[in-house]
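Trainee: Before anything else, here's the structure in question.
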Amino acid sequence: MSCACGTSNSFDPNDPKALEIQAKINNHPCYSEGAHQHYARIHVPVAPACNIQCNYCNRKYDCSNESRPGVTSGKLTPEEAVKKVLYVGGEIQQLSVVGIAGPGDALANPDKTFTTFRLLQEKAPDLKLCLSTNGLRLPEYIDEIVKYNVDHVTVTINTVDETGEIGAKIYPWVHWEHRKIKGKEGAKLLLKKQLEGIKMLTDRGILIKANSVLIPGVNDKDLPNVAKKLKELGVFLHNIMPLLSAPEFGTKFGLEGVPSATDQEVMAAQEACGMDMKLMSHCRQCRADAVGLIGEDRGEEFGKEVYTALDFNTLENKYNIYARQEFHQKIETWRKALEIANERIKIEQASKEQLSSTGQTKLIAVTTSGEGVINMHFGSAKEFLIYEAGDKAIKFVMHRKIESAYCSGPENCHGNNPIEEIKQTLKDCDILLTEKIGDCPMGELGSIGLICDDSYALQPIEKSVYEATNKYFFQSVKEVG
Ligand code: CLF
Ligand code: SF4
């Protein structure tokens with residue numbers, strides 16, 4: 001059988017550059033969509049200070065450039081952070097990446113950031129190192145980034161408007177050489193440093209992801225220009241994150257009533273930017289102390305009391321780099337089997353024409369707890385993966401979170417399970433594939449025209465999405481492989 005869909009998420013095995021990039025991203029859960037259901041990340045909150053102000057951020061909380069607003073992380077010293085990584089790496093063997101993403105800006109705290117990376121290089125050399133920054137001080141730290149093998153850098157860049165007008169609506173000030181530079185001048189300086197820093201990093205072969213916060217009415221029209229610029233500079237991945245805004249976050253935008261970006265606005269922005277750049281669509285806006293697979297947060301299991309009293313020898317034994325390598329081998333074997341089972345039916349960033357012979361596509365929601373299969377009951381799901389599917393192929397679009405799962409256990413069941421938020425979240429979807437769903441929620445979701453199907457329980461997600469869509473909407477399932 002030959003591949004029917006012309007999948008574009010594979011790479012050319014004869015291209016040494018492509019091979020090198022593939023090796024770098026293969027087990028990075030953010031840089032590789034295929035890795036995010038299998039590998040975990042940890043963020044260590046060693047960087048409390050920040051050197052700019054963003055109007056979507058309240059500095060009482062974490063850096064909103066990588067986190068959900070209104071979330072506060074504890075702070076760690078570099079030694080505490082490394083102890084935590086060793087402990088967690090022993091407990092969660094899927095751990096493959098350590099990131100510094102706040103609570104402020106990694107490069108506004110250079111000593112703490114690079115001490116942490118230096119210690120990690122010594123004690124956990126198998127982990128990838130990753131940092132996230134607003135970019136203001138990026139050009140100053142290129143040598144340090146290279147020295148410590150920080151192979152993945154995220155720069156948040158929300159506009160490339162050279163007049164500073166859009167930037168001034170987002171950044172009231174930046175702190176530079178002991179003074180606050182306000183308005184357009186500050187925004188122009190920030191942009192200059194971001195572009196300079198990105199260029200210097202791509203010249204050194206570092207993989208850059210750019211985050212852009214989609215702020216409807218402020219920078220939405222400029223995001224396609226951002227994508228073009230990023231492509232020109234050799235940025236690897238563009239992550240368009242929705243503005244999350246509410247008065248209780250205490251941010252300027254929240255207090256002024258600027259609304260959050262909707263799922264539909266994010267999809268439109270992805271559509272407008274995806275022509276130029278490879279997009280990340282599985283970001284979960286994690287907290288600065290996030291632990292686990294992206295989408296889950298096991299931070300509460302690893303409070304300071306668990307690891308700070310242990311010495312480095314004990315922790316390095318617990319970390320057990322050889323056992324971890326063996327475990328990663330098993331993950332890779334599983335991923336290969338999954339890839340075969342899914343019959344390469346998914347295309348990254350496909351156009352409607354690549355997905356469908358008629359231009360008609362459907363949106364499919366899936367519940368999963370990871371490992372690439374449909375293995376979560378509807379009642380427990382707090383997020384849904386959303387795929388777009390046609391009669392030729394499928395693509396991953398986004399995840400959608402909900403505040404409350406339908407069922408939080410018999411002890412909390414008062415017969416009034418929350419369904420309205422779920423109906424609202426899935427209102428534009430056509431099918432829900434889940435491990436198990438009861439008659440009652442199925443009836444509720446049927447009222448918004450959503451077909452619920454639990455016959456694909458424990459099956460590979462991508463193939464199931466394709467088959468179910470064709471079963472319900474396109475009648476015949478094409479032969480793929
Ligand atoms: Fe962390 Fe960011 Fe590195 Fe990933 S997160 S520093 S690149 S290891 Fe990932 Fe979290 Fe989204 Fe960030 S899902 S918020 S993109
Ligand atoms: Fe907040 Fe991050 Fe912006 Fe600093 S860079 S103001 S921490 S969102």
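Trainee: Lys/Arg Cβ at +1, Asp/Glu Cβ at -1, dipole of segment 148-258 taken about the Cα centre: which of SER212, GLY186, ALA246 is farthest positive-ward?
Mentor: Among SER212, GLY186, ALA246, the one farthest towards the positive end of the dipole of segment 148-258 is GLY186.
Trainee: Here is a further query. Taking square-rooted eigenvalues a ≥ b ≥ c of the alpha carbon gyration tensor, is the chain rounded, prolate or oblate, where a/c under 1.5 means rounded and, failing that, a/b exceeding b/c means prolate?
Mentor: Here the chain falls in the rounded category.
Trainee: Hey, rough spin-label estimate for CYS440 and LYS182, points 7 angstrom out along Cα→Cβ, what's it come to in nanometres?
Mentor: 5.7 nm
Trainee: Return the calculated 222 nm mean residue ellipticity for the chain, to the nearest 500 deg cm²/dmol, obtained by summing -39500 (n - 2.57) across DSSP H runs with n ≥ 4 and dividing by the residue count.
Mentor: So the helix-based figure for the chain works out to -9500 deg cm²/dmol.
Trainee: May I pose another question? Sorted by mean Cβ packing within 10 Å, highest first, what order do the peptides 227-240, 267-280 take? Could you put the intermediate results ahead of the total?
Mentor: Working: 227-240: 20.4, 267-280: 18.5.
Going from most to least packed, we get 227-240, 267-280.
Trainee: Counting only heavy atoms of protein chains, what accessible area per residue, in Å², does the chain have with a probe of 1.4 Å?
Mentor: With all protein chains present, the chain gives 42 Å² per residue.
Trainee: Does anything in segment 130-145 have its amide N under 20 Å from the 7 Å Cα→Cβ label point of LYS278, and if so which residues?
Mentor: Counting only backbone N, you get 130-133.
Trainee: Run through the DSSP bridge list for the chain and note the antiparallel percent, rounded to the nearest 5.
Mentor: Percent antiparallel among DSSP bridges in the chain is about 40.
Trainee: I would also like to ask the following. How far apart, in nm, are the 7 Å Cα→Cβ label points at ASN14 and GLU421?
Mentor: Computed distance between label sites ASN14 and GLU421 equals 5.3 nm.
Trainee: Suppose every K and R has +1 on its Cβ and every D and E has -1 on its Cβ; what is the size of the dipole of segment 16-307 about the Cα centre, in Debye to the nearest 20?
Mentor: 540 debye
Trainee: For HIS175 and ASP311, compute 0.36 nm times the residue count separating them, minus their Cα-Cα distance, and round to one decimal in nm.
Mentor: 45.1 nm
Trainee: With θ set to phi - 60°, apply the Karplus curve 6.51 cos²θ - 1.76 cosθ + 1.60 along segment 140-156 and write out the HN-Hα couplings as whole Hz, x wherever there is a Gly or Pro.
Mentor: These are the phi-based 3J(HN,Hα) values: 6, 10, 4, 5, 5, 4, 5, 4, 9, 6, 7, 8, 9, 10, 10, 10, 8 Hz.
Trainee: P(r) of segment 224-285 in 5 Å steps, Cα pairs, percent per bin?
Mentor: P(r) over segment 224-285, rounded to whole percents: 4, 19, 22, 19, 16, 13, 8, 1.
Trainee: Taking a ≥ b ≥ c as the square roots of the eigenvalues of the Cα gyration tensor of segment 350-480, is the shape rounded (a/c under 1.5), prolate (a/b larger than b/c) or oblate?
Mentor: prolate
Trainee: Right, another one. Can you give the extra length, in nm with one decimal, that the chain gains between ILE21 and GLU300 once fully stretched, where that is 0.36 nm per residue apart less the Cα-Cα distance?
Mentor: Details: separation 279, 0.36 × 279 = 100.44 nm, distance 3.37 nm.
Between ILE21 and GLU300, full extension yields 97.1 nm more.
Trainee: Related question: Please compute one quarter of the surface area of the Cα convex hull for segment 120-187 and express it in square nanometres.
Mentor: Taking the Cα atoms of segment 120-187, their convex hull projects to 5.6 nm² on average.
Trainee: In the structure shown, do any of LYS180/LYS304; LYS330/LYS463; LYS231/LYS352; LYS304/LYS382; LYS60/LYS193; LYS182/LYS228 have a Cα-Cα gap over 31 Å, and if so which?
Mentor: With Cα atoms farther than 31 Å apart: LYS180/LYS304.
Trainee: Mind pulling up the Rg/Rh value for segment 310-355? Radius of gyration and Kirkwood radius, both on Cα.
Mentor: Across segment 310-355, the Cα-based Rg/Rh ratio is 1.36.
Trainee: Same structure, new question: Using the Cα gyration tensor of segment 176-284, with a ≥ b ≥ c the square roots of its eigenvalues, what is the shape: rounded (a/c below 1.5), prolate (a/b larger than b/c) or oblate (neither)? Mind dumping the intermediate values first?
Mentor: Details: a/c = 2.08, a/b = 1.13, b/c = 1.84.
It is oblate, given that a/c is not under 1.5 and a/b is not larger than b/c.
Trainee: If amide H atoms are built 1.01 Å from N in the plane of the peptide, which residues on other chains or at least 5 residues away come under 5 Å of the amide H of GLN459?
Mentor: For GLN459, whose amide H was placed from the backbone, the distant partners under 5 Å are ILE374.
Trainee: What part of the accessible area of the chain, given as a whole %, is carbon or sulfur when the probe is 1.4 angstrom?
Mentor: 50 percent
Trainee: I've got another one for you. Write down Rg/Rh for segment 56-189, rounded to two decimals, with Rg from the C-alpha atoms and Rh from the Kirkwood relation over Cα pairs.
Mentor: Rg/Rh for segment 56-189 comes to 1.01.
Trainee: Treat each spin label as a single point 7 Å out from the Cα along the C-beta direction, and report the ASN149 to GLU271 distance in nm.
Mentor: Using points 7 Å along Cα→Cβ, the separation is 4.4 nm.
Trainee: Round to the nearest 10 and report in Å² the accessible area of LYS193, as given by a 1.4 Å probe over the protein chains' heavy atoms.
Mentor: LYS193 exposes around 30 Å² with every protein chain in place.
Trainee: Calculate how many DSSP beta bridges within segment 350-480 are antiparallel, expressed in % of all such bridges and rounded to the nearest 5.
Mentor: 70 percent
Trainee: Moving on to the next point. Toward the positive end of the charge dipole of the chain, about the Cα centre and with charges on Cβ (Lys, Arg +1; Asp, Glu -1), which of VAL98, GLY379, TYR456 goes farthest?
Mentor: Highest projection toward the positive end goes to VAL98.
Trainee: How far is the Cα center of segment 184-237 from the Cα center of segment 347-410, in Å?
Mentor: 29 Å
The values are calculated or read from the model by the stated rules, or taken from the named source; none is laboratory data. Quick caveat, the model's predicted, so the values are computed rather than measured. Neighbour counts run over all protein chains shown; Cβ positions are idealised from the backbone, glycine included. For accessibility, only protein heavy atoms count, side chains too; no ligands or nucleic acids. Shrake-Rupley method; radii C 1.70, N 1.55, O 1.52, S 1.80 Å.
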